[in-house]
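Everything below concerns the one structure shown next.
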Amino acid sequence: MQVIGLTETQEDLLKEYVNVFIGKAANMLSEMANQRILLSVPEVKLVNMAEDAASDSVLTAHGHVVSSSMRFGKSFSGRALLVFPSKKAKVLVDACMGIPYAGDDENDPQDLADTDFDVLKEISNVILNSVVGDFSNLIGTHVDFSIPDVELVFVSKDQQKSYLQDNVYMLTLYTNFLLSEAHVEGVIVIALGVHSLNLLIDKINEILESYNE
Amino acid sequence: MNDFFYEVLDKLNIGIVLLDEQLNVRYWNAWMINKTDITISKALGASIGELSHRLGEPKYKGLLQGVLSSGNSRFLSGAIHGDFFKVRGHNYTDKCLQNVQLERVVHDNESMLLVQVFDMTDQYGRVQHMKEFIKRLTQENDEIRQDEERARRLAYNDQLTGLPNRLFFENNVRSRLEEMLSKGVSTEHFAIGFIDLDNLKGINDQYGHRTGDFLLKEMALRLKRSLKKGDLVARLSGDEFAVLIENRDGTEDIKVTLEKLVNYFDEKVIVDKFVLDLTYSIGISCFPDNGSDLETLLDKADKALYHVKKNGKAGYAFYDENYS
């Protein structure tokens, strides 16, 4: 099987676009939480889990993670996920609910109540809608998607590599949430099949060529 | 849509509302009627803003229109937004929470907005009660631990000087002895020092008990400062103190500590304008040379102490067979 990769220029362009996409989500989240929330994506990577399972991201971290995921698409299809370490997820939920920041160490995965999962569902809904919707607009196709499912997952050391492995390519967007008192890091993953990935790469190349003309 | 589907929607245990593109109600299911007390005749054709205090706000109207135009579903959590529809008979001193899910549906080329309403009030209430219960348990547990710690401190500490008391000292020395004897280690040594503050009775008689207490506290400080990590000092009673000095480099190590203690004799103590001497007498016994149980070691240290006192006080002596 031929392994698809992204050049540095392609990654840079994607990063630029993704930061615009996520900016809209940040505005919506800020309005929702009644406080300024800044979102940025400092790094975009295309990861083939079968080839590259050695990265040290949230994805390959072990322990409790909160994962929101939704399937999307028709011609451009895949699965979108927003993944946080559970302690960070609680910080984000508290910030959105106006609960004062108690420090990361105060939080325990067991502290996440059902209502917290609802808040995470809404946060994921806003972010993933924004990113996936804008990706589909970029490619010029319409995608269908639903409300994400949120779950608390314990990823053991042995499972680090197999988590999400059934998806071949993952566009990994390392995401920073800057809240008034805390800083939360998460990862947005757009898992794509080869066909959808090629659609995206073709579009990126088309944009790059138009710059060069 | 046919009546059968409306009947099905009426059976659901969630609120279902259908809105047209102008955000007017096209369907309002039985759950909504029961919860809100808004009849179907009043709901049908009404603007959603007239029926929902929340969804009538410009921010939410924009959101509803966004879902209609983009087709991107939205989820709104009650934990953040509170309630969307006023519930009949709800006591509003308690929070009322509803999750709402917004989705675009298309029927005969007409886009409509499906609003699903989930009442989370009971669940939220249960979670809140559980959180409060856990918080209360945690507080009680903390209080119990603090009480235990306080009781432990009281049981093992001398109130005046803050030093460990006789009970703590004896338990500690016994456990060290047991450990050393069980290992059969003959190379490890330590010294037990019996210490008396010289002339406490005279000071109490002449200057009062407050001055005597001050001297005892000062003596405790000097003892603590002279000892190394691993050594132990305790106030046994009245003017009696005891030390355990670990022997790291032969008996010389013990002598270094004793010299430190004695060197303090040059430092006078000022209490209420009186300049007083603070001296003490120290009797030393060594494990294992002078004994291998606490009673013997204390007894021999006491004999050495007696020897110092008999010979002018303000000094130290190691136990000698001749003192018996």
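The values are calculated or read from the model by the stated rules, or taken from the named source; none is laboratory data. Being a predicted model, the structure only gives us computed values, none of them experimental. Counting neighbours? That spans all protein chains shown, and the Cβs are built from the backbone with ideal geometry, glycine included. Quick note on the areas: whole protein, heavy atoms, side chains included, nothing else; ligands and nucleic acids left out. Shrake-Rupley method; radii C 1.70, N 1.55, O 1.52, S 1.80 Å.
Data overview
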{"read-out": "Relative contact order (%) - criterion: Cα under 8 Å, at least six apart; region: chain B", "value": "12"}
{"read-out": "Counted charge near B:Lys201, where neighbours are those whose Cβ lies closer than 14 Å (Asp, Glu -1; Lys, Arg +1)", "value": "-4"}
{"read-out": "Over the protein assembly as shown: Kirkwood hydrodynamic radius from C-alpha pairwise inverse distances, Å", "value": "30.1"}
{"read-out": "Spacing of the two label points (7 Å from each Cα toward its C-beta) at B:Asp293 and B:Ser70, in nm", "value": "8.4"}
{"read-out": "Accessible area per residue, Å², the protein assembly as shown with all protein chains present, probe 1.4 Å", "value": "50"}
{"read-out": "Quarter of the Cα convex hull surface for the stretch B:160-277, i.e. its orientation-mean projected area (nm²)", "value": "7.6"}
{"read-out": "Zone of B:Lys217's modelled label, taken as backbone nitrogen in the stretch B:154-175 under 14 Å from a point 7 Å along Cα→Cβ", "value": "B:159-163"}
{"read-out": "The protein assembly as shown - percent of accessible surface contributed by carbon and sulfur, probe 1.4 Å", "value": "48"}
{"read-out": "20 Å Cα-Cα reach of B:Lys273 towards aspartates and glutamates, excluding residues that sit fewer than 8 places from it in its own chain", "value": "B:Asp205, B:Asp213, B:Glu218"}
{"read-out": "Residues in the stretch B:61-81 that, when all protein chains are in place, have 50 Å² or more less accessible area than the chain alone would give (probe 1.4 Å)", "value": "B:Asn72, B:Ser73, B:Arg74, B:Phe75, B:Ala79, B:Ile80"}
{"read-out": "In the A-B interface, the accessible area buried, summed over both sides, Å² (probe 1.4 Å)", "value": "1700"}
{"read-out": "Given B:Lys11/B:Lys35; B:Lys228/B:Lys255; A:Lys121/B:Lys11; A:Lys24/A:Lys87; B:Lys268/B:Lys310; B:Lys201/B:Lys224, the pairs whose alpha carbons are separated by over 18 Å", "value": "A:Lys121/B:Lys11; A:Lys24/A:Lys87; B:Lys268/B:Lys310; B:Lys201/B:Lys224"}
{"read-out": "Heavy-atom accessible area ranking, 1.4 Å probe, most first, across B:Lys183, B:Lys309", "value": "B:Lys183, B:Lys309"}
{"read-out": "Gain upon complete extension [B:Asp122, B:Arg136; 0.36 nm per residue less C-alpha separation]", "value": "3.0 nm"}
{"read-out": "Degrees, to the nearest 10: B:251-263 long Cα axis against longest axis of chain B", "value": "90"}
{"read-out": "All lysines inside 21 Å of A:Lys74 as judged from Cα atoms, apart from same-chain residues fewer than 8 positions distant", "value": "A:Lys203"}
{"read-out": "Computed accessible area, A:Met97, all protein chains, 1.4 angstrom probe, square angstrom", "value": "50"}
{"read-out": "Estimated distance in nm for a label pair at B:Val262 and B:Asp320, the labels positioned 7 Å out from Cα along Cα-to-Cβ", "value": "1.3"}
{"read-out": "Cβ-Cβ FRET estimate between B:Arg153 and A:Tyr101, R0 fixed at 30 Å, reported to 0.05", "value": "0.30"}
